[in-house]
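K.L.:
Below you will find the structure I want to go over with you.
The values are calculated or read from the model by the stated rules, or taken from the named source; none is laboratory data. As the structure is a prediction and not an experimental result, all values here were calculated from the model. Here the Cβ positions follow ideal geometry from the backbone for every residue, glycine too, while neighbour counts run over all protein chains shown.
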Number of protein chains: 2
Amino acid sequence: MAAQPDANRPFLSAAADLLGERGFTRDPELIEPWLTDWRGRYTGACLGLASPCNTQKVAALVRLCASHGVPIVAQGGNSGMSGGATPDESGSALLLSLRRMDTIRTLDVEAGEIVCEAGVILQDLQEAAAAARMRFPLTLGGKGSATIGGLVSTNAGGTQVLRHGTMRAQVLGLEAVLADGSVFDSLTPLKKDNRGFDLKQMLIGSEGTLGVVTAANLRLLPDIGGRLVIWAGLGTIAQARQLLLHAQSEAAGQLEGFEVIPAHSLAAVLDHLPDARAPLQGRHGWHALIELVAEADEEDRLQPLAENLLAAALDRGLIEDATIAASETQAEAFWLLRDAIAPAERAIGPAMQHDVSVPVAAMADFVEAAIPQVEARFPGSTAIAFGHLGDGNVHFHVLAPPGVVRGEWERNQGQAISRFVHDLVTRWGGSISAEHGIGQVKLKELERLGDPVALTMMRAVKQALDPKGILNPGKLVRVAPANGSA
Amino acid sequence: MAAQPDANRPFLSAAADLLGERGFTRDPELIEPWLTDWRGRYTGACLGLASPCNTQKVAALVRLCASHGVPIVAQGGNSGMSGGATPDESGSALLLSLRRMDTIRTLDVEAGEIVCEAGVILQDLQEAAAAARMRFPLTLGGKGSATIGGLVSTNAGGTQVLRHGTMRAQVLGLEAVLADGSVFDSLTPLKKDNRGFDLKQMLIGSEGTLGVVTAANLRLLPDIGGRLVIWAGLGTIAQARQLLLHAQSEAAGQLEGFEVIPAHSLAAVLDHLPDARAPLQGRHGWHALIELVAEADEEDRLQPLAENLLAAALDRGLIEDATIAASETQAEAFWLLRDAIAPAERAIGPAMQHDVSVPVAAMADFVEAAIPQVEARFPGSTAIAFGHLGDGNVHFHVLAPPGVVRGEWERNQGQAISRFVHDLVTRWGGSISAEHGIGQVKLKELERLGDPVALTMMRAVKQALDPKGILNPGKLVRVAPANGSA
């Protein structure tokens, strides 16, 4: 597996011939930005950076890699959270960037379909949809860099899952290059097709370990007519759960997002963003950020709907106070408070971050039970949970005690804290990775806590579809787990 | 593979011990009804009929079969359309009925979830949901016999796919016994879970070739407040397509079903059902059956919505005439006309039936192009298409010329006709099985026309998850396709 320059010369020369100057480089300066993951936790090395311009080139490249036994790490915007697109330190792998494949092949308004190549950036897709008076119903913080290929390969989530589902629910068709260089083409969307296993479902969320996604046919919805954003102050997360049920019952067709924010996180954001201000007076233990949307010509329904919803919630004692954003600017400001939590918490000090889910109905209870257990087990730490309550998915962060040395604390305490949180989540029937995937960072934890039956199935499928093990080795699934290695 | 009584004695004795008298029989009289498929095209034989009462027994039985190399044919209500649950004639397989596992384990109204064992009959599920003021948004003609296990294993469709998707979209969690007898348990529904490949997606629609579904967690929706059923007469199927787009644009949130019926099929039904009468005066080339539904307390919206929709459609020349069912009884009568097409056409004479899909936007054009091509190629035949226009899925029947001998015509002409239709569908980018699956009946056609890349993937997955080939051999996917055998 180690990179041996001489042994690799025939491969490198063939790759350079295949891809040309724009498509292949070994220039360390050009490669360097792509060797470290977004969160800065992993830095790897590679044989070279390939940037093919179309699916046929990807297929030819994968065939070349297969024949030379060269591992392939596919990469999109390099904004993944789990190191899944970062090569290991051996330097034996080829880094395969899909960013040059950034063409929107077709956009069909009547059918509500858009075919994007893997390198199309989420924000560009959103803008193309908007220009056609349509919308793509998935968004997330990294939309300016995240690519369609990466979003599909990691089954990305975001803030609209409550109503529209994860990336899996948006994918109508898929094109991918398999481990032997063959092209799996199921881009044509058939609403009903029972010709055997739904193979594209296996590729979605497989983090480049079963194939390299080269294009996807995604669903578009008619653009909304308007939105309305509510900020509510509550006493407990259990009340937030009741408020969610209330909103689902009263405004099911309009409820687009429901996020919860604890007092600690709001305070951190207000410290972090000098121009930000709290939407409500007074202190509240928890906050709920609720987005309602209306179809075109139905915008007028939103204000009375929101007012009735909040009046009833106040009556029933579910909320302590609430405000409705008076303008789109204010709505954006509310969302900024939510989106700034992660960087704001990071600015305070080191933290161990966990992206976990439990059944939706159990999430409030889980948070209330888990926080004191974690804080008792790790004295001085502060546990916070925020995020997608309506999806049963919170970001569960354990903040270091004040005054610890950044880097040292994570090294000494990090693993024990994460194991403790993951054990808890597993006991609650939950997932140690709700939306960020496994990548490198959670591979050992998945092997430790995952259902052995599911792990066995995954290994069998991986072995069957990538018998040489050249697709993103060391990520998500290892056919033969090795103790000690990443 | 041939059944050798002596060689099988240890297996049979162990199976009888494991399952007890109620759980295992070799009585030909008890077994006979389950050896012929619903359409009467295949009759097989088996070693015995196993009817385990719980998942643990299924697991133990599969382990027993694995150790003795005994093939397993899982069966639910035996109402499948493709012979997928009928054993072959060798008699070497065990018929595994899931019908005794008919417990609804849990029903959670707040979460909108119901956990059904594999043998729960669809109609019983629907009634249990209704009793809790909820509904299960999938239905089909065989609801009185079709079981949850069969519906999941065949990714069943039906008449509500337009709005709610196929069975795949209803499955929140799954429990299945794998080829080695291990139990895959992902019944706990997590709205977000990115711990690797979504394995349950592989089991859905795999027709018992990768595992035996023993239970499913299914989504429930709040019960509707009311429905309204429209019958419209149109000149062409292209107008039906325009009417569908019109309805989707004006009544997206209410549109639950959109079926098309040609004049020939309506006439056949009126001949077949003595009490039935045509909803409209005069002759129309095509008919559309449209169902609109409203949530509780919104029923009053339906009548004006329907009237406006039809007035605009008349103005735009999309329809020739239309009527709105004046009562629930009349609504049922309209639906009966649709549901009786298959038996009515069968009563006229022999027909080759094809369950095909193409992209939704292309279906009207496909039907208009395919009918004259088929009739020209097979003189005297009549081609008709009816069904789920909104899903891009029609049932494409080729009726024999008058006077042919039933049985003989199918034997002489059937294969050529089906190949011709399947070739056409494939050229249009469609599927030779939209909702009925592959089973035995379409296995060779799938091998002939399927994408070789997809077939190779399917075989690799099958080989990986069922290396001994004991799960429903000869159905859906053959690791080594054999010429001549079924």
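K.L.:
Residues that are within 9 Å of chain A (Cβ to nearest Cβ) and in contact with a Ser or Thr (Cβ under 8 Å, 6 or more places away or on another chain): find the strands (runs of 3 or more DSSP E) completely inside the stretch B:178-274 holding 1 or more of those.
P.N.:
Values: elements: B:183-186, B:211-219, B:224-234, B:255-262.
It comes to B:183-186.
K.L.:
Please determine, by comparing only the residues of the stretch B:404-420 that are touching a residue at least 12 places away in the same chain (Cβ under 8 Å), closer than 12 Å to B:Glu445 by Cα and not hydrophobic (A, V, I, L, M, F, W, C), which one is surrounded by the fewest Cβ atoms within 10 Å (Cβ to Cβ).
P.N.:
Within the stretch B:404-420, the match that is surrounded by the fewest Cβ atoms within 10 Å (Cβ to Cβ) is B:Arg419.
K.L.:
Could you please let me know if A:Gln281 is among the polar types (S, T, N, Q) and assigned to a helix (DSSP H, G or I)? I'd like the intermediate steps shown before the answer.
P.N.:
Details: among the polar types (S, T, N, Q): yes; assigned to a helix (DSSP H, G or I): no.
No, not satisfied.
K.L.:
If you don't mind, there's one more thing I want to ask. How about the stretch B:117-153: which of its residues are part of a loop (DSSP other than H, G, I, E, B), closer than 24 Å to B:Glu295 by Cα and over 14 Å from the mean Cα position of the chain (by Cα)?
P.N.:
Once the filter is applied, which keeps residues that are part of a loop (DSSP other than H, G, I, E, B), closer than 24 Å to B:Glu295 by Cα and over 14 Å from the mean Cα position of the chain (by Cα), the stretch B:117-153 yields B:Ala132, B:Arg133, B:Phe136, B:Pro137.
K.L.:
Please go through the stretch B:388-403 and pick out each residue that is over 21 Å from B:Gln373 (Cα atoms) and crowded, with 17+ Cβ neighbours inside 10 Å.
P.N.:
Within the stretch B:388-403, B:His388, B:Gly390, B:Asp391 meet the criteria.
K.L.:
Same structure, new question: Would you call B:Arg163 in contact with a Leu (Cβ under 9 Å, 6 or more places away or on another chain), assigned to a helix (DSSP H, G or I) and among the charged types (D, E, K, R)? Don't jump to the end; show me each part of the working.
P.N.:
Values: in contact with a Leu (Cβ under 9 Å, 6 or more places away or on another chain): yes; assigned to a helix (DSSP H, G or I): yes; among the charged types (D, E, K, R): yes.
Considered against the rule, which asks whether it is in contact with a Leu (Cβ under 9 Å, 6 or more places away or on another chain), assigned to a helix (DSSP H, G or I) and among the charged types (D, E, K, R), B:Arg163 comes out as yes.
K.L.:
Filter the stretch B:142-160 down to the residues that are under 16 Å from B:Gly437 (Cα atoms), out of contact with any Gly (no Cβ under 6 Å at 6 or more places or on another chain) and more than 14 Å from every other protein chain (Cβ to nearest Cβ) and list them by number.
P.N.:
B:Gly142, B:Ile148
K.L.:
Is it the case, given these coordinates, that B:Ala376 is of a type in the set (A, V, I, L, M), away from chain A (no Cβ under 14 Å) and closer than 17 Å to B:Asp423 by Cβ?
P.N.:
yes
K.L.:
With the structure loaded, tell me whether B:Gly208 is small (Gly, Ala, Ser) and more than 25 Å from the chain's Cα centre (by Cα) or whether it fails that test.
P.N.:
It is false that B:Gly208 is small (Gly, Ala, Ser) and more than 25 Å from the chain's Cα centre (by Cα).
K.L.:
Report the residue count in the stretch A:128-149 for those that are in contact (Cβ under 8 Å) with a residue 24 or more places away in the chain and in contact with an Asp or Glu (Cβ under 9 Å, 6 or more places away or on another chain).
P.N.:
The total comes to 11.
K.L.:
Follow-up question, since we're still on this one. Can you find, within the stretch A:275-288, the residue that is surrounded by the fewest Cβ atoms within 10 Å (Cβ to Cβ) among those that are farther than 17 Å from A:Thr382 by Cβ and out of contact with any Ser or Thr (no Cβ under 9 Å at 6 or more places or on another chain)?
P.N.:
A:Asp275
K.L.:
Something else: Residues in the stretch A:391-441 that are in contact with a Ser or Thr (Cβ under 9 Å, 6 or more places away or on another chain), assigned to a helix (DSSP H, G or I) and either aromatic (Phe, Trp, Tyr) or more than 10 Å from every other protein chain (Cβ to nearest Cβ) (or both): how many?
P.N.:
3
K.L.:
Got a number for residues in the stretch A:245-287 being under 25 Å from A:Glu345 (Cβ atoms) and among the small types (Gly, Ala, Ser)?
P.N.:
9
K.L.:
Just checking, does the stretch B:217-225 include any residue being at pLDDT 95 or above and out of contact with any Phe, Trp or Tyr (no Cβ under 9 Å at 6 or more places or on another chain)?
P.N.:
yes
K.L.:
Restricting attention to the stretch B:406-420, does a residue exist that is within 17 Å of B:Gln353 (Cβ to Cβ), β-branched (Val, Ile, Thr) and at pLDDT 95 or above?
P.N.:
Looking for residues that are within 17 Å of B:Gln353 (Cβ to Cβ), β-branched (Val, Ile, Thr) and at pLDDT 95 or above, one finds at least one in the stretch B:406-420, hence yes.
K.L.:
Then there is this: Does the stretch A:195-206 include one or more residues that are on the phi > 0 side of the Ramachandran plot and free of Cβ contacts under 8 Å to residues at least 24 places away in the same chain?
P.N.:
There is at least one residue in the stretch A:195-206 that is on the phi > 0 side of the Ramachandran plot and free of Cβ contacts under 8 Å to residues at least 24 places away in the same chain.
Residues are listed down the side, and each one gets a yes or a no for (1) part of a loop (DSSP other than H, G, I, E, B); (2) under 31 Å from the mean Cα position of the chain (by Cα):
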{"residue": "B:Ala288", "(1), (2)": "no, yes"}
{"residue": "B:Ala294", "(1), (2)": "no, yes"}
{"residue": "B:Asp297", "(1), (2)": "yes, no"}
{"residue": "B:Leu314", "(1), (2)": "no, no"}
{"residue": "B:Ala331", "(1), (2)": "no, yes"}
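K.L.:
Does B:Glu32 count as acidic (Asp, Glu), outside any helix (DSSP H, G or I) and without any contact (Cβ under 8 Å) to a residue 60 or more places away in the chain?
P.N.:
So B:Glu32 does not fit the description; no.
K.L.:
Out of (1) within 10 Å of chain A (Cβ to nearest Cβ); (2) surrounded by fewer than 22 Cβ atoms within 10 Å (Cβ to Cβ); (3) part of a loop (DSSP other than H, G, I, E, B), what's the single condition that is false for B:Ala169?
P.N.:
Only one criterion is unmet by B:Ala169, namely (3).
The rows are residues; the columns are (1) in contact with a helix residue (DSSP H, G or I) (Cβ under 7 Å, 6 or more places away or on another chain); (2) over 30 Å from B:Ala288 (Cα atoms); (3) surrounded by fewer than 24 Cβ atoms within 10 Å (Cβ to Cβ).
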| site | (1), (2), (3) |
| --- | --- |
| B:Gln201 | yes, yes, yes |
| B:Thr214 | yes, yes, no |
| B:Gly226 | yes, no, yes |
| B:Glu256 | yes, no, yes |
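K.L.:
Being assigned to a loop (DSSP other than H, G, I, E, B), over 20 Å from A:Pro33 (Cα atoms) and away from chain B (no Cβ under 14 Å) is the filter here, so list the residues in the stretch A:73-116 that pass it. If you could, list the steps in order and put the result at the bottom.
P.N.:
Going through the stretch A:73-116, the residues assigned to a loop (DSSP other than H, G, I, E, B) turn out to be A:76-93, A:98-103, A:109-112.
Still in the running and over 20 Å from A:Pro33 (Cα atoms): A:103, A:109-112.
Selection gives A:Thr103 alone.
K.L.:
Go through B:Leu30, B:Leu12 for me and flag whichever is of a type outside the set (Lys, Arg) and either farther than 16 Å from B:Gly91 by Cα or surrounded by 13 or more Cβ atoms within 10 Å (Cβ to Cβ) (or both).
P.N.:
It is B:Leu12.
K.L.:
For the condition surrounded by 18 or more Cβ atoms within 10 Å (Cβ to Cβ), outside the structural domain of B:Val177 (by TED's automatic domain parsing) and at pLDDT 95 or above, what is the one hit in B:Leu138, B:Leu61? It would help to see each step written out before you state the result.
P.N.:
Working: B:Leu138 fails: outside the structural domain of B:Val177 (by TED's automatic domain parsing).
Among B:Leu138, B:Leu61, only B:Leu61 is surrounded by 18 or more Cβ atoms within 10 Å (Cβ to Cβ), outside the structural domain of B:Val177 (by TED's automatic domain parsing) and at pLDDT 95 or above.
K.L.:
Can you go through B:Leu245, B:Leu234 and tell me which one is touching a residue at least 60 places away in the same chain (Cβ under 8 Å) and within 25 Å of B:His395 (Cβ to Cβ)?
P.N.:
On the way: B:Leu245 fails: touching a residue at least 60 places away in the same chain (Cβ under 8 Å).
Residue meeting the stated conditions: B:Leu234.
K.L.:
Tell me, yes or no, whether the stretch A:345-364 has at least one residue that is surrounded by 16 or more Cβ atoms within 10 Å (Cβ to Cβ), touching a Pro at 6+ places or on another chain (Cβ under 7 Å) and under 21 Å from A:Leu162 (Cβ atoms).
P.N.:
yes
K.L.:
Is it the case that the stretch B:160-167 has a residue that's in contact with a Lys or Arg (Cβ under 7 Å, 6 or more places away or on another chain) and not aliphatic (A, V, I, L, M)?
P.N.:
As a first pass, look at the stretch B:160-167 and keep what is in contact with a Lys or Arg (Cβ under 7 Å, 6 or more places away or on another chain): B:161, B:166.
Still in the running and not aliphatic (A, V, I, L, M): B:166.
The answer is yes; a qualifying residue exists.
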